[in-house]
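Q: Attaching a single structure in structure tokens format; questions to follow.
The values are calculated or read from the model by the stated rules, or taken from the named source; none is laboratory data. Every value quoted in this text rests on a predicted model; they were computed, and no experiment measured them. In this analysis, Cβ positions are derived from the backbone assuming ideal geometry, glycine residues included, and neighbour counts consider all displayed protein chains.
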Amino acid sequence: MEKYEEEFQPHMAVFTGCIWRMLLEVGPQPKMDALAIQGLRFLTCVAGKKMHMGLFSDAVLQELVQRIVVKNLTATEADEELFEDNPPDYIRKDMEGSDMDTRRRGAVELVRALLRFFPEQVSALCEGHMASLLEQYTASGGSDWRLKDTALHLLLASAALNAGCTELNPRVQMQAIFSSHVLPEVQDADVNARSLVRADALKLLTLFRTHLPAPFVIGLLPAVISHLKSSHVVVQTYAAICIERWLSVKDNGQQRVTQAHLQPHLDSCFTELFAVLENPDLSENDYVMKCIMRLLALVGGGVAPLVSLLMGKLTGVFARVAKNPVNPHYNHYLFECYALLIRACCSPGGGGVPEAAAANSACDAFEAALFPPFQEVRACVCVCVCVFMYMSCVCICVCFRVLPTDSPRSHLPPHPTPVPHLPHCRC
């Protein structure tokens, strides 16, 4: 249609009606996904052009939102199974925006296309359906979680005018819905209840982070950290992503969440993050490792009291990675954490250790912890891990004012595999 729009124009109304009726009748089975996605994509393309506005009367808009958008935003049994049985795929599709070929993404894009030329009508329709779905959810006593899941995704579709959620729809009362339905969900002490809805709430807090007031974010931080204790990998990961993205937000060039805000929660946050990395369902969780890296970067020298705990945990993680490195992002964030710790605690005149002698002492401690596992994996065929390993050694060497000749660094033989063999790396 996009390529031969002029030739197709006489048939537009007929085809649009056929696609519309097809979407009303298509079932929720996974085998019908491709058909439904293409139909939603066609309607999105039509709705996104001013020349086709005549096809969308008020009655048509109501029918589209009620019977097509809401239907395709509703979680299916296949979504629930993916959430439980294949968390990495669920996260990639749901959180990262790579779900362009899913019904839910198609429905979201259709709403945003309709909002371009019918903002008043579509906003009112979406708000009305959100209120109805949330009332039904409350009437069910919270048992029918799909109603709230659909309502929250309808909020995402109608409140954000683009995929990055940088532009909001002023006609949708996002703050009111957050206060009434998202905030209580995250503050619920039972982190395993309504796991899919809980993941939705954390996702919304992440996507709309720049529009949330600073006191709201800072006050909610302990509740988000508590979700790292969830038994569901997706909820754990979404909590880590939420923390990591919040730490990157700046107001007028200044960090919104500062070291002072984090300091009371550092011990519990690091403990829970490393506990997530021991989950056998997704042990090399690069989202969690990135969150640890972001925490270390923000806290800097304030991490000094926890160095022993962190070094023990990171060394354990490294020992597991060295046996079978499969996730290059995870490996990168792991060694970034090593570098940040070394810089915070070993650099003379900076971080947590201002004296040169104390910095050398800290370097000795890092060396004692790192070199034994480094020597064990020195001959690892995964060269990229060894490259990161030697970079960590360089960080320690740079921090020393005087290099002792009896240091293990003096006895570390060269790596037997040349760096040009990087294409053979298993990860």
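Q: Residues of segment 47-68 being assigned to a helix (DSSP H, G or I) and either among the polar types (S, T, N, Q) or buried (at least 19 other Cβ atoms within 10 Å of the Cβ) (or both), which ones?
A: Within segment 47-68, Ala47, Gln62, Leu64, Val65, Gln66, Ile68 qualify.
Q: Would it be correct to say that Arg209 is in contact with a Phe, Trp or Tyr (Cβ under 9 Å, 6 or more places away or on another chain), under 24 Å from Ser123 (Cα atoms) and charged (D, E, K, R)?
A: Yes; evaluated as a whole, the condition is true for this residue.
Q: Using the structure shown, decide if Ala201 is within 15 Å of the chain's Cα centre (by Cα), in contact (Cβ under 8 Å) with a residue 12 or more places away in the chain, over 21 Å from Phe274 (Cβ atoms) and part of a helix (DSSP H, G or I).
A: Against the criterion (within 15 Å of the chain's Cα centre (by Cα), in contact (Cβ under 8 Å) with a residue 12 or more places away in the chain, over 21 Å from Phe274 (Cβ atoms) and part of a helix (DSSP H, G or I)), Ala201 qualifies.
Q: Related question: Read through the list (1) of a type in the set (A, V, I, L, M, F, W, C); (2) free of Cβ contacts under 8 Å to residues at least 60 places away in the same chain; (3) not in a loop (DSSP other than H, G, I, E, B), then give the number of the only condition that Leu196 fails.
A: All conditions pass for Leu196, except number (2).
Q: OK, next. What number of residues within segment 95-141 are at pLDDT below 95, outside any helix (DSSP H, G or I) and not charged (D, E, K, R)?
A: Selection size over segment 95-141: 7.
Q: Surrounded by fewer than 21 Cβ atoms within 10 Å (Cβ to Cβ), modelled with pLDDT of 90 or more and among the aliphatic types (A, V, I, L, M): does that describe Ala275?
A: Spelling it out, Ala275 is indeed surrounded by fewer than 21 Cβ atoms within 10 Å (Cβ to Cβ), modelled with pLDDT of 90 or more and among the aliphatic types (A, V, I, L, M).
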